[in-house]
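Rule-based calculations on the coordinates, nothing more; no lab input. What you see is a predicted model, and the numbers here were worked out from it, not measured in a lab. Note that each Cβ is placed from the backbone with ideal geometry, even for glycine, and that neighbours are counted across all protein chains shown.
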Amino acid sequence: IDSKSWIIDSSATDHMTFDPDDFLNTTQPRRTCIANANGVTYHVTGAGTDIHTKEILGRGTKRGGLYYVDDFSPGMANSVTHPFDSKQKQIWLWHRRLGHPSFSYMKHLIPDLFSGFKDSDFTCDTCILAKSHRVPYPFSTNKCTTPFTLIHSDVWGPSPITAPSGVRWFVTFIDDCTRMTWLYLLKNKNEVFSCFQSFHKQMKTQFNAQIQILRSDNGGEFVNHDFQTYFQQHGIIHETTCPQTPQQNGVAEQKNRHLLETARALLIGAHVPRHHWDDAIVTAVHLITRMPS
């Protein structure tokens with residue numbers, strides 16, 4: 001048997017490697033020798049702790065009654081050439097901590113960490129699973145120069161899975177100038193008006209800002225008597241999109257998609273049940289609003 005071959009034994013009491021660099025740290029072995037199934041005894045030279053990523057690293061093929069790991073999956077082959085290299089471990093750690101941003105963005109954000117690496121050297125299977133590939137919304141080149149002049153808003157839901165708190169929807173408010181995002185979880189769509197009132201008051205008290213324009217679609221949660229009366233009382237202009245044209249509300253639509261993809265990646269990467277999507281979406285907002293553009 002090739003000394004560098006990996007053989008899978010799901011019922012083994014101990015797991016052994018030929019390379020001490022596979023360990024995160026080393027410890028004193030519990031025993032000095034070990035015997036295999038044929039009774040042959042081998043000397044134990046060390047022990048240690050391995051890394052648990054809970055990701056598929058390769059596939060095994062059966063030869064002569066043994067399973068050999070000899071075919072790494074495309075997603076991991078490019079990213080784990082040296083899986084225990086300290087820089088690579090840090091890159092993967094921050095990739096997960098920051099909500100699975102693109103590696104090109106991470107290289108821009110943490111250039112020193114990518115010294116000697118290209119962003120194309122890394123491929124994340126979780127990102128592939130979590131992030132859909134649709135036709136992008138047109139990029140808006142006209143942005144307000146003053147914060148809170150224009151606020152984009154959109155409602156997402158209902159979620160096919162109700163969160164433990166009873167939440168099935170969320171509404172976002174995005175500042176056109178800074179792209180800062182505020183998200184409110186909803187049990188019902190009719191809560192949108194009260195959420196906007198809270199958001200409006202917070203902007204006035206915390207930032208001494210006056211919202212001039214709210215842009216949304218023509219959904220009944222925005223186009224109703226309560227909202228129209230509130231707009232008139234506070235001098236806010238309500239801009240609505242044409243029916244069946246979500247691209248006109250592209251900033252909010254694109255932001256919601258970004259939040260959902262990040263939340264999905266967080267759930268998949270951490271092996272968290274999908275019904276905790278509400279916590280994941282709140283975490284996604286927290287991460288995205290704190291990352292530099």
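Give me the dipole magnitude in Debye, nearest 20, for region 172-253 about the Cα centre, with unit charges on the beta carbon: positive for Lys and Arg, negative for Asp and Glu.
Using Cβ point charges on Lys, Arg, Asp and Glu, region 172-253 gives about 220 debye.
What ranking of Y42, Y184 emerges when the number of other C-beta atoms within 10 Å of each C-beta is taken as an exposure proxy, fewest first? Display every interim value, and only then the final one.
On the way: Y42 10, Y184 19.
Taking fewest neighbouring Cβ atoms as first place, the list is Y42, Y184.
Return the FRET efficiency for the residue pair R274, S198: r is the Cβ-Cβ distance, R0 is 35 Å, and the value is rounded to the nearest 0.05.
On the way: r = 28 Å, r/R0 = 0.80.
According to the calculation, E is roughly 0.80.
Given a cut-off of 26 Å, name the pairs among K189/K255; K143/K201; K62/K89; K87/K143; K87/K255 whose C-alpha atoms lie farther apart than that in the structure shown. Display every interim value, and only then the final one.
Numbers: K189/K255 19 Å; K143/K201 23 Å; K62/K89 31 Å; K87/K143 38 Å; K87/K255 31 Å.
Over 26 Å Cα-Cα: K62/K89; K87/K143; K87/K255.
Compute the Cα gyration tensor for region 123-229, then decide on rounded, prolate or oblate, letting a ≥ b ≥ c be the square roots of its eigenvalues: rounded whenever a/c is under 1.5, prolate when a/b is larger than b/c in the other cases, and oblate in all that remain.
On the way: a/c = 1.84, a/b = 1.21, b/c = 1.52.
Taking the square roots of the gyration eigenvalues as a ≥ b ≥ c, region 123-229 is oblate.
Between Q28 and I110, what FRET efficiency follows from the Cβ-Cβ distance if R0 is 41 Å, with the result rounded to 0.05?
Approximately 0.70, to the nearest 0.05.
Can you give the local net charge around A47? Use residues other than it whose beta-carbon is closer than 12 angstrom to its beta-carbon, Lys and Arg +1, Asp and Glu -1. Let's see the in-between values first.
Details: positive: R30, R31; negative: D14, D22, D50.
So the surrounding residues net to -1.
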